[in-house]
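Would you mind keeping the following structure in view while I ask a few things?
Bear in mind these aren't lab numbers, they're just calculated from the coordinates by the rules spelled out. What you see is a predicted model; the values in this text were computed from it and never measured. Backbone-built Cβ (ideal geometry, glycine too); neighbour counts: all protein chains shown.
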């Protein structure tokens with residue numbers, strides 16, 4: 001679900017986390033150039049269908065490369081440790097103090113969230129402990145680079161999660177049969193946090209983790225959040241029973257947890273206050289602010305008349321209106337392809353054009369590929385070819401097709417009547433509301 005550069009740039013100005021900070025403010029070096037470069041990197045990676053690690057790599061080239069975000073400063077506790085004077089050989093008190101500080105820092109390092117950071121910080125501590133100046137300088141360099149990598153991965157994961165949430169909310173918000181949304185934890189959810197409250201507490205009398213559509217919480221709830229949204233269909237729940245139950249529902253869930261998990265959500269002091277009736281859990285829960293999800297999907301002027309139930313009506317969008325030129329239609333199609341509404345997933349029909357695919361039938365003389373073309377390569381070809389490859393009918397309507405070049409991939413354009421075939425890197429992309437499929441198409445037939 002690709003965002004345009006303009007959309008990403010605008011989104012970076014919007015706060016998504018309860019602390020009110022936006023993505024731009026979270027970047028280590030929030031200059032206009034950095035913001036623009038990061039937005040471009042995220043946008044390009046999403047358009048190409050890349051995963052989180054590939055997106056992060058686009059932001060952080062690392063170790064001598066041209067990093068989009070500058071190297072990060074060392075955490076405060078390591079910076080303070082680095083500046084401690086190295087004790088002389090006969091300074092036993094100084095050695096004891098350094099060992100004490102090192103033990104404290106090692107405990108803090110174990111709390112870091114990535115193996116790369118833990119290893120880099122561990123190397124730095126070892127260098128300080130051994131009073132090795134050369135090793136210390138190298139360790140500082142590696143640690144700052146790893147911190148920058150961590151920032152890049154966090155930005156990539158968070159923005160992809162936000163893009164996912166935008167799409168799900170937009171897709172189902174205006175569908176009458178979808179009456180609520182449910183917060184679902186990822187199967188890779190590592191530790192108890194505010195997401196467990198969102199997913200397991202009955203805050204609106206509809207069941208655990210289920211919310212009226214206009215009451216769904218922030219998603220992502222925090223950096224690295226990979227929770228998901230489940231649409232609830234009419235008949236699955238009794239919507240007549242919906243009513244705010246935030247205080248009682250949240251407290252009931254929290255009381256069901258072991259003490260250690262209560263403390264992870266509320267803090268040690270906060271848990272004591274809440275469990276003894278001296279404070280509301282909503283005042284103490286880390287990450288809770290009570291705000292509901294607000295979409296930042298762009299209102300694209302050329303598309304707004306064609307959006308219904310969170311989807312684009314491609315049939316209507318394709319028709320040239322009275323007084324419109326073909327260029328008007330072309331620009332509308334380009335806006336659609338570059339919008340979050342464009343469904344770029346392969347449909348089942350694609351297997352009809354893959355040799356050995358589920359729907360492939362050699363006797364039908366269908367053009368084919370010997371293997372499935374990587375989806376990311378097709379998306380890249382569409383983005384590069386949309387300006388010149390849009391196909392129109394004689395009436396000036398878009399015929400739902402785009403001609404692209406998927407080099408270096410090769411397909412076979414088969415003449416349906418004679419069965420002759422030719423190799424080609426050209427392909428016709430067939431677009432529908434359900435997704436896309438591509439067919440080899442030579443410039444001429446033999």
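Using 0.36 nm per residue of separation minus the Cα-Cα distance, give me the extension gain between residue 224 and residue 188 in nm, one decimal.
Going from the current span to full extension adds 11.9 nm.
Tell me the label-point distance for the pair residue 376, residue 327, using the 7 Å Cα-to-Cβ offset, in nm and rounded to one decimal.
3.7 nm
Rounded, prolate or oblate: pick one for region 223-267, where a ≥ b ≥ c are the square roots of the eigenvalues of its C-alpha gyration tensor, a/c under 1.5 means rounded, and failing that, prolate if a/b is larger than b/c, else oblate.
oblate
How far apart, in nanometres, would the label points at residue 259 and residue 364 be if each is projected 7 angstrom from Cα along the Cα-to-Cβ direction?
Here the modelled spin labels are 6.7 nm apart.
Apply 1/(1 + (r/R0)^6) to the Cβ-Cβ distance of residue 301 and residue 351, taking R0 = 22 Å, and write down the FRET efficiency to the nearest 0.05.
Efficiency at R0 = 22 Å is approximately 0.05.
To continue, here is another question. Can you pull a Stokes-Einstein diffusion coefficient for region 178-315 at 37 °C (0.692 mPa s), Rh from Kirkwood over Cα pairs, as a whole number of µm²/s?
199 µm²/s
Just to verify a number: FRET efficiency for residue 425 and residue 289, C-beta to C-beta distance, R0 = 35 Å, to 0.05?
Given R0 = 35 Å and the Cβ-Cβ separation, E is 0.10.
Sort the following peptides by mean Cβ neighbour count (other Cβ atoms within 10 Å, averaged over residues), highest first: 312-321, 378-387.
My ranking of the peptides, most packed first, is 378-387, 312-321.
Within 10 Å of each residue's Cβ, count the other Cβ atoms and sort 281, 288 from fewest upward.
Lowest count first: 288, 281.
To two decimal places, what compactness ratio does region 304-440 give when its Cα radius of gyration is scaled by 2.2 N^0.38 Å?
After normalising by residue count via 2.2 N^0.38 Å, the value is 1.10.
Give the calculated FRET efficiency between residue 393 and residue 233 to the nearest 0.05, with a Förster radius of 30 Å applied to their Cβ-Cβ distance.
FRET efficiency, residue 393 to residue 233: 0.20.
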